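First the structure, in the form of structure tokens, and then the observations on it.
We did not get these values from a lab; they are worked out from the coordinates using the rules stated. A quick note: this is a predicted structure, and the numbers were derived from the prediction, not measured. Cβ sites come from the backbone with ideal geometry, for glycine too, and all protein chains shown count toward neighbours.
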Amino acid sequence: MPSFTERYHQLTKYNPHTIDKLGPVLWDSQPAAFKEVHAEERVDLLPALRGLLDAIPEDKAIAMPSPDSLEGLTRLLFFTLGLTARLGQEGAGDVFLRAAPSAGGLYPTELYVAVRGIPQLPDGIYLYHSLRSALYPVWRGDFWGDLRHYFHGQPAVDAANILLLFTGVYARSAWRYKERAYRRILLDTGHALGNALEICREMQWDYRLLGGFLDEGLEELLFLTRGEEFPLLGIAVGPRQSLPPDAGQYPGPAPQDAVIDLPGGVALQVQQNHCERQRAGQALREPVQLSFPAMAPRDTGESQLPLILKRRSCREFSGTGIPVDEMRQLLAFALRNEGGEWRLAPGQIEFHLIVLDVPGLDPGVYALGAETMRWRLTRAGRFRQEALQICLGQELAADSAFLLVYTADMAQLAETYGDRGYRYACMDCGQIGERINLQAIHLGLGSSGIGGYFDDLVNELLGLPLSHGVLYITVTGVPAES
């Protein structure tokens with residue numbers, strides 16, 4: 001019996017013959033992109049942020065605060081998911097852009113933070129409100145005992161003084177993307193994760209990814225409404241060399257156990273989240289630990305802080321090529337391993353290049369080895385028209401220099417991590433895509449993530465069986481002059 005993940009992915013594929021039957025988008029009923037918070041008490045983060053934002057454009061020396069300071073926490077939150085631009089749209093109100101990209105600009109990811117031992121900030125759990133650049137208390141006090149329990153006693157929780165908690169809000173994406181929204185939410189959360197880890201590395205802080213937890217426990221702790229908002233990921237953060245070694249990620253229940261008590265009459269993506277959940281009283285499967293040889297850190301030559309501020313998804317490419325050395329540099333940065341385990345599902349994602357115009361490399365389809373940074377031609381040819389077709393007719397894809405396609409063997413993913421592996425793999429894709437976004441800015445290039453494509457046509461172009469799910473596509477090229 002296939003896992004629920006395999007069924008969910010199959011049923012949320014786009015198909016040229018059925019995509020027009022998904023129903024119209026009701027543009028007048030878009031949910032709010034920010035939480036409504038009516039609490040009077042809040043912690044204003046703007047004073048801690050202003051000096052940093054003033055220093056970046058002037059290229060002044062930027063201090064590296066400790067993660068046990070309000071300045072350090074503010075930097076981490078802002079460059080993970082903070083508000084970076086406000087654009088006016090005639091007749092449509094303002095559009096707010098954040099540090100991480102989001103499909104359709106819908107921003108379904110919310111960010112909470114548990115803190116202790118930070119001067120000027122009482123211990124507790126807070127909601128980060130990016131529009132107001134403020135923290136709103138959810139709980140005051142020390143809740144580390146509860147967090148330790150919900151995260152299965154992970155040693156990193158005990159040692160950390162900051163715990164980032166990412167959640168997703170269904171309605172913000174489902175309003176537009178219907179049942180495929182959950183896929184977009186996971187990718188968007190991965191984008192924010194990519195930013196968070198880049199900031200931790202730049203500040204030389206320790207971090208540990210915490211993908212395994214009791215979902216219902218965190219829902220209750222954060223006052224989340226079941227079926228509307230759901231926890232996705234935790235990140236333990238502490239000073240350099242303060243956290244114990246990575247303990248791996250806990251898989252979800254075996255697929256045959258996950259479908260027990262599957263709720264009826266709810267959205268397919270809610271059922272997918274149900275099958276991913278870890279529950280109290282269930283036998284916990286051992287964490288999956290996979291190690292890879294560490295590569296030497298790669299210096300981009302530029303701080304990630306201004307790159308995050310500059311980052312925008314490219315909307316139009318010129319159609320000209322980029323040198324193969326620049327493509328290699330970009331991919332090496334995105335897929336680098338610096339010793340700390342930054343992936344939730346290492347080894348599960350396969351990478352493929354569709355090369356359209358990269359001088360020094362023949363056009364065609366290539367298999368890319370993430371650890372070796374070597375590519376192998378699997379199908380020669382010029383595939384601009386195919387790139388246009390598979391990406392729903394978006395000229396952005398056809399005018400790019402190359403496309404990076406992320407896939408996974410769905411049965412193997414579910415066997416290793418249960419249905420929760422879908423969550424892990426999609427968030428990994430998102431953070432790799434965000435690394436490409438940042439490195440593209442550094443190289444003077446443009447990039448954009450594409451989460452909407454005709455899935456089976458991508459498999460056909462790559463020569464992959466349909467058992468391999470296409471999880472994401474990133475396109476890169478030379479931006480068109482505005």
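Within 14 Å, Cβ to Cβ, of Trp375, how many net charges do the neighbouring residues add up to if Lys/Arg are +1 and Asp/Glu are -1? My count for the surroundings of Trp375 gives 0.
Note on the chain: along the principal axes its Cα atoms extend 61, 58, 53 Å, ordered by decreasing extent. Treating each Cα of the stretch 358-410 as one equal point scatterer and applying the Debye formula with no solvent, the log10 of I(q)/I(0) at q = 0.13, 0.16, 0.19, 0.32 Å⁻¹ comes out as -0.36, -0.54, -0.75, -1.29. In the chain, taking the dipole from charged Cβ atoms about the Cα centre, the farthest positive-side position among Cys426, Gln249, Leu330 is held by Leu330.
Other residues with beta-carbon under 14 Å from the beta-carbon of Gly360 carry, at +1 per Lys or Arg and -1 per Asp or Glu, a net charge of -3.
Based on Cα contacts under 8 Å between residues 6+ apart, the stretch 415-482 shows a relative contact order of 36 percent. Basic side chains Lys and Arg get +1 at the Cβ, acidic Asp and Glu get -1 at the Cβ, and with that the dipole of the stretch 1-46 about its Cα centre reaches some 420 debye. Placing unit charges on each Cβ (+1 for Lys and Arg, -1 for Asp and Glu) gives the chain a dipole about its Cα centre, and among Ala114, Gly381, Leu45 the Cα reaching farthest toward its positive end belongs to Gly381.
Over the stretch 31-247, Cα pairs under 8 Å with separation of 6+ residues give a relative contact order of 23 percent. Packing around the peptides 429-435, 161-167, taken as the average count of other Cβ atoms within 10 Å per residue, puts them in this order, highest first: 429-435, 161-167.
Sort out for me the Cα centre separation of the stretch 361-425 from the stretch 173-212, rounded to whole Å. Answer, in whole Å: 20. When peptides 382-393, 210-221 are ranked by their average number of other Cβ atoms within 10 Å per residue, the highest-first order is 210-221, 382-393.
Whole-percent P(r), the stretch 424-482, all Cα pairs, 10 Å bins from 0: 21, 41, 30, 7, 0.
Rounded to the nearest 500, the helix-only mean residue ellipticity at 222 nm of the chain stands at -9500 deg cm²/dmol, with each DSSP H run of n ≥ 4 adding -39,500 (n - 2.57). Computed extension length for Arg315-Ala32: 99.5 nm, one decimal, from 0.36 nm per residue of separation with the Cα-Cα distance subtracted. Measuring between their Cα centroids, the stretch 111-141 and the stretch 31-80 lie 12 Å from each other. Candidates Gly82, Val237, Ser318 compared by Cα position along the dipole of the chain: farthest toward the positive end lies Ser318, with charges placed on Cβ. For the stretch 17-59, the calculated P(r), taken from all Cα-Cα distances in 10 Å bins from zero up to the bin holding the longest distance, is 17, 20, 22, 20, 18, 3 percent. Computed over the chain, relative contact order equals 17 percent, with contacts defined as Cα pairs under 8 Å that lie 6+ residues apart. For the chain, the tally of Lys pairs with Cα-Cα distances below 21 Å comes to 5, considering only residues 8 or more apart or on different chains.
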